[in-house]
Amino acid sequence: MNFLTQVFNFLAEMSVGEGLKYLGAALGAGLAVLTGLGTGIGQGGAAGKAVEAVGRQPEAVGAIRSTMIMGQAVAETTGIYGFVTAILLIFVF
């Protein structure tokens, strides 16, 4: 109960607009970081399928590798965008 009292006292001292701004920034940063989850799952799936393709056609390893790396670079941009968005929300707002 003591923790809740401290939270309510903190919120009472802060203006409503300022508190909502921090709350929105924290929630937005948390959601933005979750983009890394999708990136990791997508890249892992792509790498697994590339390994399967090399197992079926070992002579096409060069083409498969270059296509996989290009796809993973594109997938990684979503994770980077989410990270940059989270950093901006935490430190700018």
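Listed values, structure above:
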quantity	calculated
Listed residues 75, 53, 25, most fluctuating in the chain (Gaussian network, C-alpha, under 10 Å)	53
Area of residue 69 that stays accessible when all protein chains are in place (1.4 Å probe, Å², to 10)	90
Fraction of alpha-carbon pairs over 22 Å apart in the chain - percent	53
Selection from 30, 45, 19 lying farthest towards where the dipole of the chain points positive, charges on Cβ	45
Residue-level accessible surface for residue 83, protein heavy atoms, 1.4 Å, Å²	130
Top of 40, 19, 30 by mean-square fluctuation, Gaussian network on the chain, Cα under 10 Å	19
Relative contact order (%) - the chain, alpha-carbon pairs under 8 angstrom, separation at least six	46
Rounded to the nearest 20 debye, dipole of the chain from Cβ charges on Lys, Arg, Asp, Glu	220
Two-site label geometry, residue 26 and residue 49: point separation in nm, points 7 Å out along Cα→Cβ	3.9
Surface accessible to a 1.4 Å probe, per residue, for the residues of the chain, Å²	74
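The values are calculated or read from the model by the stated rules, or taken from the named source; none is laboratory data. Predicted, not measured: the structure shown is a model, and the values here were computed from it. Because the Cβ atoms are built from the backbone with ideal geometry, glycine has one as well, and the counts that use them run over all protein chains shown. Areas reflect the complete protein model, heavy atoms only, side chains present, ligands, DNA and RNA absent. Shrake-Rupley method; radii C 1.70, N 1.55, O 1.52, S 1.80 Å.
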